[in-house]
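Student: There's a structure below that I have some questions on.
The values are calculated or read from the model by the stated rules, or taken from the named source; none is laboratory data. On a predicted model such as this, the values are computed, not experimentally measured, just so you know. When we count neighbours, we look across all protein chains shown, and the Cβ atoms used for this are built from the backbone with ideal geometry, even at glycine.
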Amino acid sequence: MSEAIAYERVGDVAVLKAQNPPVNALGIDVRKGLLAGIERAESEGAKAVVIYGEGKTYFAGADIREFGRPPQEPYLPGLCSRIEASPLIVVSAMHGTALGGGLEVALSSHYRIAVPSAKMGLPEVNLGILPGAGGTQRLPRLAGTEAALEMITTGRHFGAAEALDKGIIDRIEEGVPREIGLAYTQELLDAGAPRRAVGEMPAPEAVDFDAVYEATLKKGRGQLSPATAVRAVQAAAEAESFEAGLKRERALFTELMESDQRQGLIHAFFSERAVSKLPELEGIEPREVAAMGVIGGGTMGAGIATAALLVGLSVVLIEMTDEGVAAARGRIQGNLQGALKRGKITQVQYDQLTGEALTVSTDYAALGKVDLVVEAVFEDMGVKREVFGKLDAHCKPGAVLATNTSYLDVDEIAAATSRPQDVIGLHFFSPAHVMKLLEVVVAEKTAPEVLATGFALGKRLKKVAVRSGICDGFIGNRIMNVYRKAAEYVVLDGASPYQVDKAVTTFGFPMGPFAMGDLAGLDINWAARKRRAPTRDPRERVPRFYEMLCEGGDFGQKTGKGFYVYEDGPRGGGVPNPQVAELIAKDQEQQGVAPREFSDAEVLRRYMCAMVNEAAKVVGEGIARRPLDVDMVMLFGYGFPRFWGGPLKWADLQGLDGILADIRAYAVEDDFFWQPAPLLEQLVADGKSFDDLNKGA
């Protein structure tokens, strides 16, 4: 027997125990052990088999160490078919998580029992594939077509109670998996229960699979794996036999395995886990944070406070006036009421969080005992330096002083204190209690343990924390400013804002740059443009239609009109603002631009090339340490479609030589904006990719 699977005989029952810590992943040794265990039980005259996992879980899924490597026999699909074909009664006793291949092993068993806390799911679509070991064929036979479609195309986890209700498991029982599994199996044997193979059950009923396919594709904004999974479930209902359905599932699985989107999603999966692992923090202990301060109770400050409260930190929030105090408390209570309605917290927890855990004051002296404070005030250097002077005077020695600035120089802010080693940038994204990205900005004098504290806080807040150096806009906003500028240039030259937004959303972004500007407030970017104007290079092209719109008082959703008109309010969506075309035409006339037509493909290519080129500059300058850092910022902060992995993974998949060639072609029209990144040129010259830099880091 394999060491990964222990074999035990209890009367007529063979017991197979998975012992492959930490999560009993279905690696090659586990698969070999399961096959050997089934064969031994049959040869030794057992009447039934119980399969369970030692430790904290049943099989939690595939072994990620095998991702990207050639598969080894026994393959999981064949193993599941072999388990199901056994003449013995096979029972799975489940606890912890049964995900992906783990649930597929359970589905190939004849009976299933679980503890009440067990979680299950088929999350393969999130890796760009579909359940390939019979999951799309067996689950619909148990749960019904519609329930199975929803579970498989979303990849969501579900609990034992729902699994029992849907017929996916047969019983819920408190207890230890081995004991409840043995007792249930003996009960089945005593009752003369038949062997019950899911694959031998009637095919599930058919639905309008074409309609479900189209709806799933639209919902996924072009992600292929959930929609392709619909076709696999369709095979369960329509194929002439169970075996034919399995064959169709395997063909679709293979098709997805060979897709670029699968590569993008795998890259995102591993990068999300790697991004917070910094060699410079090895052996560095973070400072302890139990109490947190927040300066400013607007949307951002209230969101940061909410996120901190929800993970058990006490919060002291400072506002300027009594009216500000009341408004800030109201925003935080509103955020927490949302968590209460969604069942994330109880009424008792809500009362505790809004009561004893939260202090809102106008007096900086209230910050005397906090371990870390985040400033989230107006984006103005003078205001922020004034705040940090007050923090220096009132915060205890060793308290971490963090700024939530989106663009400003953290070194200059730190210089307003007597302890720059305690200062760091923690750039949250709004709404801060929802958005997962946290840029951790390292200043020149930031102490290593302060950097470690920033990452520890990010982890506690369940954020994806990314290290950034200092530049105007750090990683994300710096790149965004460039691709937004590319969008404005293509509009000035003849495309429409609505063509750009459509091309970008068709690619997979949730919103285009002009709709996003309306949402964020056009006045915010207008203020930044005015701030940069005195230092702007005279060679830079400056579209004016954006300023014209703002000068007319149209700031987007907040004023009911921007690039779009919101007659029914933001929730009703917007329709193109007819005045915008007039402003663009006026701008073109004043700048002597003869407009031309652009295809959607060319619009998107320019947008993406600008994004990739600036991202390459950010990596080349060391603002981001690795390409994957950029990719995670864009995925979690800017809505970049996860199935492409991020802009630099997308660039690798497209081919860096082609991207560089296009940038050089665009430079013929505008050699100031389209300056190729030195790193991009070097990678092409060396025949390397951005991913090579990730592996070498």
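Student: Please go through region 651-697 and give me each residue that is touching a Gly at 6+ places or on another chain (Cβ under 9 Å) and under 21 Å from Tyr489 (Cβ atoms), ordered by number.
Tutor: Answer for region 651-697, where residues must be touching a Gly at 6+ places or on another chain (Cβ under 9 Å) and under 21 Å from Tyr489 (Cβ atoms): Ala677, Leu680.
Student: Inside region 663-678, can you point out the residues that are surrounded by 12 or more Cβ atoms within 10 Å (Cβ to Cβ), part of a helix (DSSP H, G or I) and hydrophobic (A, V, I, L, M, F, W, C)?
Tutor: Ile663, Ala667
Student: Within region 18-48, which residues are crowded, with 21+ Cβ neighbours inside 10 Å, closer than 19 Å to Tyr111 by Cα and touching a residue at least 60 places away in the same chain (Cβ under 8 Å)?
Tutor: Leu34, Ala48, listed by residue number.
Student: So, one more: Checking the structure you have, find out if any residue of region 107-125 is outside any helix (DSSP H, G or I) and free of Cβ contacts under 8 Å to residues at least 40 places away in the same chain.
Tutor: yes
Student: Pairs, please: C-beta under 6 Å, at least 6 apart or cross-chain, first residue in the same structural domain as Gly655 (by TED's automatic domain parsing) and under 15 Å from Leu648 (Cβ atoms) and in region 600-611, second modelled with pLDDT of 95 or more and of a type in the set (Asp, Glu)?
Tutor: Cys609/Asp662
Student: Further question on the same structure: With respect to Ala227, is the statement that it is on the phi < 0 side of the Ramachandran plot, surrounded by 15 or more Cβ atoms within 10 Å (Cβ to Cβ), under 23 Å from the mean Cα position of the chain (by Cα) and aliphatic (A, V, I, L, M) true?
Tutor: yes
Student: Oh, and also: Looking only at residues that are surrounded by fewer than 13 Cβ atoms within 10 Å (Cβ to Cβ) and of a type in the set (D, E, K, R) in region 544-569, which one is farthest from Gln590 (Cα to Cα)?
Tutor: Selected residue: Asp568.
Student: May I pose another question? Can you pull out every residue in region 616-652 that is over 23 Å from Ser259 (Cβ atoms) and among the hydrophobic types (A, V, I, L, M, F, W, C)?
Tutor: Within region 616-652, Ala616, Val618, Val619, Ile623, Ala624, Val633 qualify.
Student: I've got another one for you. Looking at (1) surrounded by fewer than 21 Cβ atoms within 10 Å (Cβ to Cβ); (2) at pLDDT 95 or above; (3) touching a helix residue (DSSP H, G or I) at 6+ places or on another chain (Cβ under 9 Å); (4) among the hydroxyl-bearing types (Ser, Thr, Tyr), which is the one condition that is false for Thr57?
Tutor: If we test Thr57 against (1) surrounded by fewer than 21 Cβ atoms within 10 Å (Cβ to Cβ); (2) at pLDDT 95 or above; (3) touching a helix residue (DSSP H, G or I) at 6+ places or on another chain (Cβ under 9 Å); (4) among the hydroxyl-bearing types (Ser, Thr, Tyr), just (1) comes out false.
Table: residues versus (1) out of contact with any strand residue (DSSP E or B) (no Cβ under 9 Å at 6 or more places or on another chain); (2) free of Cβ contacts under 8 Å to residues at least 40 places away in the same chain; (3) at positive phi.
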| residue | (1), (2), (3) |
| --- | --- |
| Gly454 | no, no, no |
| Ala465 | no, no, no |
| Val504 | yes, no, no |
| Pro510 | yes, no, no |
| Phe514 | no, no, no |
| Asp537 | yes, no, no |
| Val542 | yes, yes, no |
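Rundown of residues vs (1) under 32 Å from the mean Cα position of the chain (by Cα); (2) surrounded by fewer than 21 Cβ atoms within 10 Å (Cβ to Cβ); (3) not in a loop (DSSP other than H, G, I, E, B), yes/no style:
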{"position": "Tyr483", "(1), (2), (3)": "yes, no, yes"}
{"position": "Tyr498", "(1), (2), (3)": "yes, yes, yes"}
{"position": "Asp501", "(1), (2), (3)": "yes, no, yes"}
{"position": "Thr505", "(1), (2), (3)": "yes, yes, yes"}
{"position": "Gly517", "(1), (2), (3)": "yes, no, yes"}
{"position": "Ala528", "(1), (2), (3)": "yes, yes, yes"}
{"position": "Ala533", "(1), (2), (3)": "no, yes, yes"}
{"position": "Arg539", "(1), (2), (3)": "no, yes, no"}
{"position": "Val542", "(1), (2), (3)": "no, yes, no"}
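Student: Every residue in region 70-98 that is in a loop (DSSP other than H, G, I, E, B) and over 24 Å from Ala160 (Cα atoms), please.
Tutor: Hits for region 70-98 are Pro70, Pro71, Gln72, Glu73, Pro74, Tyr75, Ser86, Pro87, Leu88.
Student: Pick out the one residue from Val311, Val360, Val387 that is assigned by TED's automatic domain parsing to the domain that holds Leu426, within 26 Å of Ala443 (Cβ to Cβ), crowded, with 17+ Cβ neighbours inside 10 Å and touching a residue at least 12 places away in the same chain (Cβ under 8 Å).
Tutor: Val387
Student: Which members of region 256-279 meet the condition of being in contact with a helix residue (DSSP H, G or I) (Cβ under 7 Å, 6 or more places away or on another chain) and among the acidic types (Asp, Glu)?
Tutor: Matches in region 256-279: Asp260, Glu272.
Student: May I ask you to say which residue of Leu340, Leu281 is in the same structural domain as Val383 (by TED's automatic domain parsing) and either closer than 30 Å to Val198 by Cα or surrounded by fewer than 22 Cβ atoms within 10 Å (Cβ to Cβ) (or both)?
Tutor: Step by step, each of Leu340, Leu281 is checked, and only Leu340 is in the same structural domain as Val383 (by TED's automatic domain parsing) and either closer than 30 Å to Val198 by Cα or surrounded by fewer than 22 Cβ atoms within 10 Å (Cβ to Cβ) (or both).
Student: Could you check, for region 577-591, whether at least one of its residues is under 23 Å from Ile524 (Cα atoms), touching a residue at least 24 places away in the same chain (Cβ under 8 Å), in contact with a Ser or Thr (Cβ under 9 Å, 6 or more places away or on another chain) and surrounded by fewer than 22 Cβ atoms within 10 Å (Cβ to Cβ)?
Tutor: The answer is yes; a qualifying residue exists.
Student: Which pairs do you get when a residue that is surrounded by 24 or more Cβ atoms within 10 Å (Cβ to Cβ), found in region 91-103, comes within reach of a residue that is of a type in the set (Asp, Glu) and assigned to a strand (DSSP E or B), reach meaning Cβ atoms under 7 angstrom, with the pair 6+ apart or on two chains?
Tutor: Sorted first by the residue in region 91-103, then by its partner, the list stays empty.
Student: Could you please give the count of residues in region 635-646 that are over 15 Å from Thr505 (Cα atoms) and either assigned to a helix (DSSP H, G or I) or not assigned by TED's automatic domain parsing to the domain that holds Gly494 (or both)?
Tutor: Here the count works out to 2.
Results for (1) in contact (Cβ under 8 Å) with a residue 40 or more places away in the chain; (2) closer than 19 Å to Pro131 by Cβ; (3) more than 27 Å from the chain's Cα centre (by Cα); (4) in a helix (DSSP H, G or I), shown as yes or no for each residue.
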{"position": "Gly222", "(1), (2), (3), (4)": "yes, no, no, no"}
{"position": "Ala237", "(1), (2), (3), (4)": "yes, yes, yes, yes"}
{"position": "Ala244", "(1), (2), (3), (4)": "no, yes, yes, yes"}
{"position": "Ala268", "(1), (2), (3), (4)": "yes, no, no, yes"}
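Student: Looking for something in a helix (DSSP H, G or I) and of a type in the set (Asp, Glu) - is there at least one such residue anywhere in region 622-629?
Tutor: Checking region 622-629: at least one residue is in a helix (DSSP H, G or I) and of a type in the set (Asp, Glu).
Student: Then there's this: Quick test of your reading of the structure: Val491 fulfils all but one of (1) at pLDDT 95 or above; (2) in a helix (DSSP H, G or I); (3) more than 30 Å from the chain's Cα centre (by Cα); (4) surrounded by fewer than 19 Cβ atoms within 10 Å (Cβ to Cβ). Name the failing condition by number.
Tutor: (4)
Student: State all residues of region 196-216 that are among the aromatic types (Phe, Trp, Tyr) and either more than 23 Å from Gly167 (Cα to Cα) or in contact (Cβ under 8 Å) with a residue 60 or more places away in the chain (or both); if no residue qualifies, say none.
Tutor: Tyr213
Student: I'm told Thr505 meets every condition in (1) closer than 18 Å to Val289 by Cα; (2) of a type outside the set (A, V, I, L, M, F, W, C); (3) outside the structural domain of His394 (by TED's automatic domain parsing) except one. Can you identify the failing condition by its number?
Tutor: (1)
Student: Continuing with the same structure: Scanning region 633-662 for residues that are over 20 Å from Arg484 (Cβ atoms) and under 13 Å from the mean Cα position of the chain (by Cα), which turns out surrounded by the fewest Cβ atoms within 10 Å (Cβ to Cβ)?
Tutor: Arg642
Student: Among the residues of region 679-697, which ones are loosely packed, with under 12 Cβ neighbours inside 10 Å, over 23 Å from the mean Cα position of the chain (by Cα) and part of a helix (DSSP H, G or I)?
Tutor: Ala685, Asp686, Gly696, listed by residue number.
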